[in-house]
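The values are calculated or read from the model by the stated rules, or taken from the named source; none is laboratory data. Computed from a prediction, not measured in an experiment: that's the story for all the values here. Note that we place each Cβ from the backbone using ideal geometry, even for glycine, and neighbour counts take in every protein chain shown.
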Amino acid sequence: MGEPLGGSRNGLGQSPERACPCCSNPALGPYLETPYLSCTRCGALVSTVEAAGYEADYYYHLPGAERGERRRAGVEWQWFQRMARGRTRSSTLAGRPTAIDFGCSKGFFVETSLARGLAIRGYDVSDIALASASARGLGASCVKRDMLFDDPASPIEAADLVFAWEVIEHFDDLSAFLASVRRVLHPGGWLFGSTPNGQSSWISVLGSAWHGFGIPQYHRIYFNPTALRSALTQSGFGEVATVTCVDWRSSQLLKNTATELTKKYLGTNDIRVRAAVALAGGPLHKVVEIASGRVGGLSGDTLLFAARRTP
């Protein structure tokens with residue numbers, strides 16, 4: 001992503017006077033000691049700082065990031081299968097389904113989906129990311145496009161499925177983005193995606209040290225299931241389903257969690273202690289993933305969602 005998603009129309013900056021982008025509630029209050037405000041109605045967390053661009057120093061472009069993105073694409077395919085099971089109708093997936101990946105970045109999910117039979121194309125605004133996709137032969141499948149399709153005359157090919165993996169939290173104008181998704185989906189088509197969970201159990205453990213609070217210039221909204229359901233239903237989606245989980249195989253997540261746990265509860269930043277905590281953290285994250293949604297009070301770091309476009 002080479003600039004704020006949707007360009008300057010993404011809405012730089014927030015203020016306490018701004019209504020909640022999920023439920024339109026004007027009452028937002030401070031949340032812990034973080035650069036976020038909390039909606040008093042749905043609990044969405046809204047960034048209070050100015051949005052940043054997605055240039056070369058954006059963390060998805062850092063050296064070594066591609067290995068994690070490639071692995072994550074396989075995880076996202078598993079998440080899609082999990083959320084689609086029992087929801088998508090045979091008519092939606094008849095033949096070779098057409099799909100769009102919003103915020104496709106370097107195209108690893110597009111690459112994974114093509115290999116599994118989807119007729120998919122990806123959109124992103126980052127020249128850096130798209131150059132990487134093109135270098136791997138995906139130049140025709142991953143293209144540059146503003147993801148706020150507000151020009152009614154702009155030709156868009158409709159799709160059966162839309163994917164938005166770790167994308168919706170980047171928009172200040174969430175309703176405009178969801179309107180774009182609705183516009184490209186066939187009636188009855190499905191939106192699948194993921195977003196950081198603003199009601200994660202890890203926030204209860206780490207408080208303001210939760211790793212997600214460190215990038216308010218990029219993550220503009222943190223959703224919980226109630227807030228996300230409100231946003232989707234208001235934008236013309238039905239059959240909304242959410243599930244929380246933990247990407248327990250993510251080395252970055254384990255590293256971040258271990259760092260904050262050792263600082264907060266052990267009072268040290270010793271690399272050996274952090275390594276031991278990270279090593280123990282894998283099974284712990286897996287336990288939370290399994291228990292999430294089954295044991296009261298346990299909620300994973302990632303919020304998966306599925307929603308169907310109403311006619």
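Here are a few things to note about the model shown:
- Scanning the range 157-168 for residues that are surrounded by fewer than 23 Cβ atoms within 10 Å (Cβ to Cβ) and either assigned to a helix (DSSP H, G or I) or acidic (Asp, Glu) (or both) yields a count of 3.
- SER105 satisfies every condition listed in (1) hydroxyl-bearing (Ser, Thr, Tyr); (2) touching a strand residue (DSSP E or B) at 6+ places or on another chain (Cβ under 7 Å); (3) part of a helix (DSSP H, G or I) except (3).
- For GLN252, the criteria (1) modelled with pLDDT of 75 or more; (2) part of a helix (DSSP H, G or I); (3) farther than 17 Å from ALA307 by Cβ hold in every case but one, which is (1).
- Qualifying residue in the range 222-245 (condition: among the β-branched types (Val, Ile, Thr), crowded, with 19+ Cβ neighbours inside 10 Å and over 15 Å from the mean Cα position of the chain (by Cα)): no
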